[in-house]
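Beneath this line is the structure, given in C-alpha cells, with notes to follow.
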Amino acid sequence: GQIVYLADYRPTDFVLERVDLTFELHPTETKVEARLIFHRREGTDRQAPLVLDGDELTLSGLLLDQTEVSAAQYEATAESLTVRDLPESAPFELTITTIINPEANTQLMGLYRTGGIYCTQCEAEGFRRITYFPDRPDVLAPYTVNIIADKAANPLLLSNGNFLGGAGYGEGKHFAAWFDPHPKPSYLFALVAGDLGVVEDTFVTASGREVALKIYVEHGKEPRAAYAMDALKRSMKWDEERFGREYDLDIFMIVAVSDFNMGAMENKGLNVFNDKYVLADPEIATDADYANIEAIIAHEYFHNWTGNRITCRDWFQLCLKEGLTVYRDHEFSADQRSRPVKRIAEVRHLKSEQFPEDGGPLAHPVRPTKYREINNFYTTTVYEKGSEVTRMIATLLGRDLFKQGTDLYFDRHDGQAVTIEDFIKCFEDASGRDLTQFSLWYHQAGTPLVTASGTYDAGGRSFTLSLEQMMPVTPGQTTKEPMHIPLRMALFAEDGALLTPTSVTGAELTDDVLHLTERAQTVVFHGIPSRPVLSLNRSFSTPINLQFSQSAGDMALIARYETDHFARWQALIDLGLPNLLQAARDARQGIAVTCDAAFVDALLAAAKDESLEPAFRAQALALPSEADIARELGGDNDPDAIHAGRQAILALIAEAGKDVFTALYDNMQTPGPFSPDAASAGRRALRNAAFTYLSQSDNAPARAKAAYDAANNMTDLSAALTILAHRFPETAEAKAALENFHDRFAENALVIDKWFAIQAAIPGAATLERIQGLMETPLFKRTNPNRMRALVGTFAFANPTGFGRADGAGYRFLAQEILDIDQRNPQLAARILTSMRSWRLLEPVRADHARSALMQIERAGGLSTDVRDIVDRILK
Ligand code: HT7
Ligand code: ZN
C-alpha cells in the first residue's frame, strides 16, 4: 500500500461520458462487459495513455470502437489496465470484458454473494473489483445496466435508477435493464439479484410526483420491514420540509442483506442495508434497534442529496458527505424524538468513541491529507466530529443563514464532485462571515482542551471569566493555531433565575454563544447583580474537553435549574465523575469506596422528578462507562480496579435510592400493546435503569429471572438477560435464561447476535474461555461480519476486564483472531483491531502484554494493507 496524498490530486486526463454495463450472472463465473465512452480532457497531454484501476481482475476481452485492441496497445495486470495511442480529441468507446467470482469474494467488496443473492458494495474502491475503471469519485457518468441471470434463482434483477424493461433471455434466463440519468461516481453503483420478498408503498413528493418505495427482505420477513418503511417516508418528508430536498427518481429501493461490512450503503436509488438496520418487530428488536433503524434509514436516504447529487472530489473529502449527512440524520432524530435526549446520546457516543480516537495514535484531521488505506478512514472522526463541525457552522450562522448556506450549496454544486473548501465557501457567501479560522476544525486533529475559571466582583457587579485553549499534539501535527470555539453559555442566580449582562467585553457574545478565538481570553460580564453560576458549553455546542473547577453546589444548581436539559445532564455527570475516578483509585488500593451525598442526592432527585421525561431520567441514571472512566483517568489504568470502583458506586447509589428505584420499577410499566415510540421507549429505559440498580442490592437472581420470564418485548427481555448473565453468570437462573434465549431464537440470526454479544460482555477473566467455547458452537459463523462483531468485537470494545485480563490472554486471543479474519475480510479485521488503540493508557504489565500482541500481528506475513496500516499506526 502506497501512501496517497491530497496534495497530489489532479483531474483525470480523460472524461467519461457514459457507462453501459452488461452482467451475465453466475455464482462463480460472472461475465461483466463494460462499454465506456471517453474523450480526452481539454488542455491535457494528447499522448497520455488511459490508465484504469483494477483489483484482483483478469481481462478477458478488450475492444476499441468495436475492434480488438492489439497486444502492443495495452497492458493489463490484476491492478490496472493501460491503453495507449487513443484518439487525440474524438470520443472513443472501450469495451472491457472481465470474468469475476462472486462466490469467492469474502472481502464483501465488489460483487459478492450473501444468503443466496448477488449484491454489490462499491464504496470506496470496490467497483474496480468488478471491471477496470477510473474508480475515483470525481468521475461521474450516467449508467445503463443490463442484467442477465437464471430466472428461477433470480426473479429479481435490480440496479440504480429507473427500470427500463425486461424480458426472457434464452433458456431459463431473463434480463432486466436499468438507466440512471443522474451522473454518478462508480462507488454509488449497485446491483442486486436473487429471490426476495418485498414491502411496497408510495410517496408523493412536494411537487406532486409519485415515487414507488420498495424494501426487499428475505421471504417471510416482510412484516419486519414495516418500521423501516415508515422511517423512510418520514425521512423523505423531513428532507423536503427542513432542507427543501425532493427525491429525484421514480423508484427508491432498499435491500436488506445479512453479510455486510458496515451499516448500510447509499447507492443511487438502490440502498443496500445490513439487515440489522432494517428488520424489526417487538419480539426481536430493542428500542435501541428501532432508533438505529430510523437513524440509518434516514442517513442513507439523506445521502441522495448530500453525497449523491453532490459528491466528493476525492476520498480526502469524505467528511463533505459523511459529516453533513450525520448532522442531518441527528437533526432528523432530534425532531422525531426528544431533542435533549438525542443530544445526550450523541455526546455520550462522541466522547466514548471519537475522543479516544482523537486522543490516541489513530488521531487524524476531519479532512485528512494522506492515507494508506481509505477503508480505514471511515472513522468516528470523519463521521461524528465531521457532524459536530457542521453543527458548529449552524451555531455560528444561526438557523436562517445556515439554511441559506445549504440552499446555496445545493444550487451551486448540484451534479459536481467538490471539496470542503467549496462547502465552506457557500456558508461564507451566504452569511458574509469569514470562516478561515473556523475551518481549522477540518485540518487540526485532536480534541481542544479549554480551561475556564471565573471570579465575581460584587462591588463592580461584574463576573470575569478567564478562558484558555490548548490543542494537543497529534500524529504528524506538533504545532497548532488557536481555533474558533463557539461556547454556548448562561449565567444563573442562586435561585435559578437567568442573569443577563448589560454588556460584555473581551469576547463576542451573540445570543448565548461566546466566541473563543484566541489562545487566552479574559471576558467580563457587566451588570451582574449577584454571584452567578456559569453553565458553559450548553448543548455541547463545541466538541472540547472542558476543565472548569466548579463547586458541587454550583453543579447541583445547574442540574436542577438549567433550561437546557443537556446541560443538566452534563452537570450530573460532572458531579459524579470525581467519585468514579476516586473509587477506581481506592479500589486499586483496597480502600473502601465512598460517594458524595451531593451527587447521590442530585441523581435521585433527577430520577424522581416527574417534570422530566423518563428518557432523560434514564440517561441521568446511566453512569459513565468503564471506558469513559479509563479515559478520564488518563493513564496507568487497571480495568479491574475501574470495574470494582464503579460497581461499588452503583451499589452505594442503589442502597441510598432503594425506594426510588422500587417505585420506578413498579410505576414505569408500559401498559397496552408494545409501541416503539420515543415516550414508551423512555419509560422502558427508565424502568430498566432502575432495575439495574435494584439488581445491585439484590444478592439473588430471582427478581431478574422473574423479569426475564415476564418480558413481552426484546428491550425488557435482553435487559433482564444482561443482568442475569453479567451479575450472576454462574447461577442456575442465568444458565436457564441463556439456554431459553438460545432455543427460542436459534432461527433468528439478529437475535442470536445479541445472545453472543451479551455473553461477550460478561465482566471478568473467565469470559475468554466462554468465548472460545462459543466459537465451537454450531451457531458461530466466522464469515458473517455481524456475528464476528457481536462476539469478538463486543469482547474487545466493550469488555475491559475480560479483554484486558491481567495475564494478557485477551490480547493474544485478539491477535490470533485478527490474523485469521484478515485472510478473508481485511476491512473487518482492521476495524476490530482499532479496539487496541488506547493500549498505552494501561498499567505497565497489561500495556506490555498488549504491545507484544500487537507486535505479533505486525510481524506476521501476508497482512492486508488495512491491518498493516492500523497496526503500524497503533504501535508508533
Ligand atoms: N457511505 C457508506 C460507507 C460504507 C462503506 C465504506 C467502506 C466499505 C463498506 C461500506 N459500506 C458502507 C455508508 C454511509 O456512511 O452511509
Ligand atoms: Zn454516510
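Any residue at all in the range 363-377 that's farther than 23 Å from Val389 by Cβ and either away from ligand 1 (no atom under 16 Å from the Cβ) or surrounded by fewer than 24 Cβ atoms within 10 Å (Cβ to Cβ) (or both)? Scanning the range 363-377 turns up at least one residue that is farther than 23 Å from Val389 by Cβ and either away from ligand 1 (no atom under 16 Å from the Cβ) or surrounded by fewer than 24 Cβ atoms within 10 Å (Cβ to Cβ) (or both). Among residues that are closer than 20 Å to Thr594 by Cα and either assigned to a helix (DSSP H, G or I) or of a type in the set (D, E, K, R) (or both), Leu650 is included. Checked against the criterion of being more than 16 Å from ligand 2 (Cβ to nearest atom) and acidic (Asp, Glu), the candidates Asp329, Asp400 yield just one match: Asp400.
If you go through the range 279-307 and keep only what is in contact with an Asp or Glu (Cβ under 7 Å, 6 or more places away or on another chain) and more than 16 Å from ligand 2 (Cβ to nearest atom), you end up with just Ala280.
Within the range 641-653, the presence of a residue that is polar (S, T, N, Q), within 23 Å of the chain's Cα centre (by Cα) and either in the same structural domain as Gly682 (by TED's automatic domain parsing) or surrounded by 17 or more Cβ atoms within 10 Å (Cβ to Cβ) (or both) is excluded.
The residues of the range 348-380 that are hydrophobic (A, V, I, L, M, F, W, C) and under 13 Å from Pro475 (Cβ atoms), listed by number, are Leu362, Ala363.
Scanning the range 258-278 for residues that are within 12 Å of ligand 2 (Cβ to nearest atom) and of a type in the set (Asp, Glu) yields a count of 1. The residue pairs whose first member lies in the range 248-264 and is assigned to a strand (DSSP E or B), whose second member is away from ligand 1 (no atom under 15 Å from the Cβ) and aliphatic (A, V, I, L, M), and whose beta carbons are closer than 6 Å, counting only pairs six or more residues apart or on different chains, are Ile251/Ala212; Phe252/Val211; Phe252/Leu213; Ile254/Ile215; Ala256/Val217. On the basis of being buried (at least 19 other Cβ atoms within 10 Å of the Cβ) and away from ligand 2 (no atom under 16 Å from the Cβ), does Phe92 make the cut? Considered against the rule, which asks whether it is buried (at least 19 other Cβ atoms within 10 Å of the Cβ) and away from ligand 2 (no atom under 16 Å from the Cβ), Phe92 comes out as no.
Looking at Val272, Val257, Val278, which one is more than 13 Å from ligand 1 (Cβ to nearest atom), crowded, with 21+ Cβ neighbours inside 10 Å and under 23 Å from Gly161 (Cα atoms)? Working first, answer last.
Values: Val272 fails: more than 13 Å from ligand 1 (Cβ to nearest atom); Val257 fails: more than 13 Å from ligand 1 (Cβ to nearest atom).
Exactly one residue qualifies, and that residue is Val278.
I'd like to know if the range 341-360 contains one or more residues that are in contact with a helix residue (DSSP H, G or I) (Cβ under 8 Å, 6 or more places away or on another chain) and more than 24 Å from Ser539 (Cβ to Cβ). The answer is yes, given that some residue of the range 341-360 is in contact with a helix residue (DSSP H, G or I) (Cβ under 8 Å, 6 or more places away or on another chain) and more than 24 Å from Ser539 (Cβ to Cβ). Each residue in the range 149-190 was checked for being part of a strand (DSSP E or B) and either among the aromatic types (Phe, Trp, Tyr) or surrounded by fewer than 23 Cβ atoms within 10 Å (Cβ to Cβ) (or both), and 19 of them qualify. Gly244: surrounded by fewer than 24 Cβ atoms within 10 Å (Cβ to Cβ) and either within 13 Å of ligand 1 (Cβ to nearest atom) or more than 30 Å from Pro614 (Cβ to Cβ) (or both), yes or no? The answer is yes for Gly244. Restricting attention to the range 842-854, the residues that are surrounded by fewer than 20 Cβ atoms within 10 Å (Cβ to Cβ) and not acidic (Asp, Glu) add up to 5.
Phe203 meets the stated requirement of being within 29 Å of the chain's Cα centre (by Cα), surrounded by 15 or more Cβ atoms within 10 Å (Cβ to Cβ) and either part of a helix (DSSP H, G or I) or not polar (S, T, N, Q) (or both).
When the range 1-34 is limited to residues that are among the charged types (D, E, K, R) and in contact (Cβ under 8 Å) with a residue 12 or more places away in the chain, the one that is nearest to Pro826 (Cα to Cα) turns out to be Glu29.
Return the residues of the range 626-647 that are among the small types (Gly, Ala, Ser), part of a loop (DSSP other than H, G, I, E, B) and touching a helix residue (DSSP H, G or I) at 6+ places or on another chain (Cβ under 6 Å); say none if nothing qualifies. The one that is among the small types (Gly, Ala, Ser), part of a loop (DSSP other than H, G, I, E, B) and touching a helix residue (DSSP H, G or I) at 6+ places or on another chain (Cβ under 6 Å): Gly635.
Matching residues to (1) more than 16 Å from ligand 1 (Cβ to nearest atom); (2) touching a residue at least 24 places away in the same chain (Cβ under 8 Å); (3) closer than 30 Å to Asp230 by Cα:
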| position | (1), (2), (3) |
| --- | --- |
| Gln121 | no, yes, yes |
| Phe127 | no, yes, no |
| Pro134 | yes, yes, no |
| Val139 | yes, yes, no |
| Lys173 | yes, yes, no |
| Ala176 | yes, yes, yes |
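For first residues located in the range 310-329 and at pLDDT 95 or above, partners that are near ligand 2 (Cβ under 9 Å from one of its atoms) and of a type in the set (Ser, Thr, Tyr) and lie 6+ apart or on another chain with Cβ distances below 7 Å form the pairs Lys321/Thr306; Glu322/Tyr383; Gly323/Tyr383; Leu324/Thr306; Thr325/Thr306; Val326/Tyr383; Arg328/Thr306. Looking across Pro368, Pro340, one residue alone is within 27 Å of Leu6 (Cβ to Cβ), at pLDDT 95 or above and away from ligand 2 (no atom under 16 Å from the Cβ). It is Pro368. Could you check Gly323 against (1) of a type outside the set (S, T, N, Q); (2) within 11 Å of ligand 2 (Cβ to nearest atom); (3) in contact with a strand residue (DSSP E or B) (Cβ under 8 Å, 6 or more places away or on another chain) and say which number it fails? All conditions pass for Gly323, except number (3). Per the listing Glu331, Glu283, the residue uniquely more than 10 Å from ligand 1 (Cβ to nearest atom) and touching a Lys or Arg at 6+ places or on another chain (Cβ under 8 Å) is Glu331.
Only residues that are surrounded by fewer than 23 Cβ atoms within 10 Å (Cβ to Cβ) and either polar (S, T, N, Q) or in contact with a strand residue (DSSP E or B) (Cβ under 7 Å, 6 or more places away or on another chain) (or both): list them for the range 206-219, please. Steps first, answer last, please.
Let us first name the residues in the range 206-219 that are surrounded by fewer than 23 Cβ atoms within 10 Å (Cβ to Cβ), namely 206-214, 218-219.
Residues satisfying the conditions are Ser207, Glu210, Val211, Ala212, Leu213, Lys214, Glu218, His219.
Looking at Ile857, Ile870, just one residue is in contact with a Ser or Thr (Cβ under 8 Å, 6 or more places away or on another chain), crowded, with 16+ Cβ neighbours inside 10 Å and either under 20 Å from Arg588 (Cα atoms) or not acidic (Asp, Glu) (or both), and that residue is Ile870.
Checking every residue in the range 513-530 against the condition of being at pLDDT 95 or above, under 18 Å from Gln550 (Cα atoms), outside the structural domain of Thr436 (by TED's automatic domain parsing) and not hydrophobic (A, V, I, L, M, F, W, C) gives at least one match.
Answer yes or no as to whether Arg568 is under 30 Å from Arg391 (Cα atoms), basic (Lys, Arg) and in the same structural domain as Leu652 (by TED's automatic domain parsing). Break it down into steps so the answer makes sense when it comes.
Details: under 30 Å from Arg391 (Cα atoms): yes; basic (Lys, Arg): yes; in the same structural domain as Leu652 (by TED's automatic domain parsing): yes.
Considered against the rule, which asks whether it is under 30 Å from Arg391 (Cα atoms), basic (Lys, Arg) and in the same structural domain as Leu652 (by TED's automatic domain parsing), Arg568 comes out as yes.
Checking each residue in the range 370-403 for being out of contact with any Gly (no Cβ under 8 Å at 6 or more places or on another chain) and among the aromatic types (Phe, Trp, Tyr) picks out Tyr371, Phe377, Tyr378, Phe402. Ile310 meets each of the listed conditions (1) surrounded by fewer than 22 Cβ atoms within 10 Å (Cβ to Cβ); (2) more than 15 Å from ligand 2 (Cβ to nearest atom) apart from (2).
The values are calculated or read from the model by the stated rules, or taken from the named source; none is laboratory data. Keep in mind that what you see is a predicted model, and the values were worked out from it rather than measured. Virtual Cβ from ideal backbone geometry, glycine too; neighbours counted across all protein chains shown.
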